[in-house]
Amino acid sequence: MLALLFEGETARATGSLGRVLEIGTGCGYQAALLARLGRGVVSIERLRPLHEKARQHLREVHAAPVRLLHGDGRLGHAPAAPYDSIVAAAGGDDLPEAWLDQLAPGGRLVAPVHDGGGGGQVLVVVDRVGDGLQRRRLEGVHFVPLKSGTA
């Protein structure tokens, strides 16, 4: 998924993922990588125990600049938008409009989405080009479900 982000317009032009929004912090591993590859990371985790674990892990490795939020990832984080790169570690029936709205011009989003036919998931890449969005569906994947709210 990180390699796909680097193929986006902004990353190709700057050599950086730019401002990054990560949905699904988990234990913080990918957030630590994103901190080294981008110019600032906002990472949202809906499960408080995982959020706290990621906070501890990132503190131990001195990963900066990462802003960790406990919240509903489906909403993104509009106050820090727009983002040059958005990556999600959970798949839903659709891509939330908030994510698309928060994607910067030249930005790229990579996320799993349920495949309408077979019940599985596929990886989707969305690029903001001009005034529109270009979508590509890639190979099948299997991620945890994207859920609203916090726990």
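The values are calculated or read from the model by the stated rules, or taken from the named source; none is laboratory data. Owing to the predicted nature of the structure, the values given are computational and were not obtained by experimental measurement. Glycine also receives a Cβ, built like all others from the backbone with ideal geometry; neighbour counts cover every protein chain displayed.
Within the stretch 136-146, is even one residue buried (at least 18 other Cβ atoms within 10 Å of the Cβ), in contact with a strand residue (DSSP E or B) (Cβ under 7 Å, 6 or more places away or on another chain) and either assigned to a helix (DSSP H, G or I) or aliphatic (A, V, I, L, M) (or both)?
Within the stretch 136-146, one or more residues are buried (at least 18 other Cβ atoms within 10 Å of the Cβ), in contact with a strand residue (DSSP E or B) (Cβ under 7 Å, 6 or more places away or on another chain) and either assigned to a helix (DSSP H, G or I) or aliphatic (A, V, I, L, M) (or both).
Within the stretch 22-45, track down each residue that is assigned to a strand (DSSP E or B) and modelled with pLDDT of 95 or more.
22, 23, 41, 42, 43, 44, 45
Kindly establish whether residue 128 is surrounded by 20 or more Cβ atoms within 10 Å (Cβ to Cβ), among the basic types (Lys, Arg) and touching a residue at least 12 places away in the same chain (Cβ under 8 Å).
yes
Per-residue answers, yes or no, for (1) modelled with pLDDT of 95 or more; (2) under 20 Å from residue 81 (Cα atoms):
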{"site": "5", "(1), (2)": "yes, yes"}
{"site": "9", "(1), (2)": "no, yes"}
{"site": "17", "(1), (2)": "yes, yes"}
{"site": "47", "(1), (2)": "yes, no"}
{"site": "57", "(1), (2)": "no, no"}
{"site": "61", "(1), (2)": "no, no"}
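When only residues in the stretch 76-101 that are surrounded by fewer than 23 Cβ atoms within 10 Å (Cβ to Cβ) and acidic (Asp, Glu) count, which is farthest from residue 10 (Cα to Cα)?
Looking at residues that are surrounded by fewer than 23 Cβ atoms within 10 Å (Cβ to Cβ) and acidic (Asp, Glu), I get 93.
Tell me yes or no: at least one residue of the stretch 16-35 is of a type in the set (Gly, Ala, Ser), touching a helix residue (DSSP H, G or I) at 6+ places or on another chain (Cβ under 8 Å) and over 26 Å from residue 148 (Cα atoms).
Looking for residues that are of a type in the set (Gly, Ala, Ser), touching a helix residue (DSSP H, G or I) at 6+ places or on another chain (Cβ under 8 Å) and over 26 Å from residue 148 (Cα atoms), one finds at least one in the stretch 16-35, hence yes.
Please enumerate the residues belonging to the stretch 58-90 that are in a loop (DSSP other than H, G, I, E, B) and among the β-branched types (Val, Ile, Thr).
The answer is 61, and nothing else.
Filter the stretch 82-109 down to the residues that are over 18 Å from residue 132 (Cβ atoms) and out of contact with any Lys or Arg (no Cβ under 7 Å at 6 or more places or on another chain) and list them by number.
87, 88, 89, 90, 91, 92, 93
What number of residues in the stretch 91-116 are at pLDDT below 95 and part of a strand (DSSP E or B)?
3
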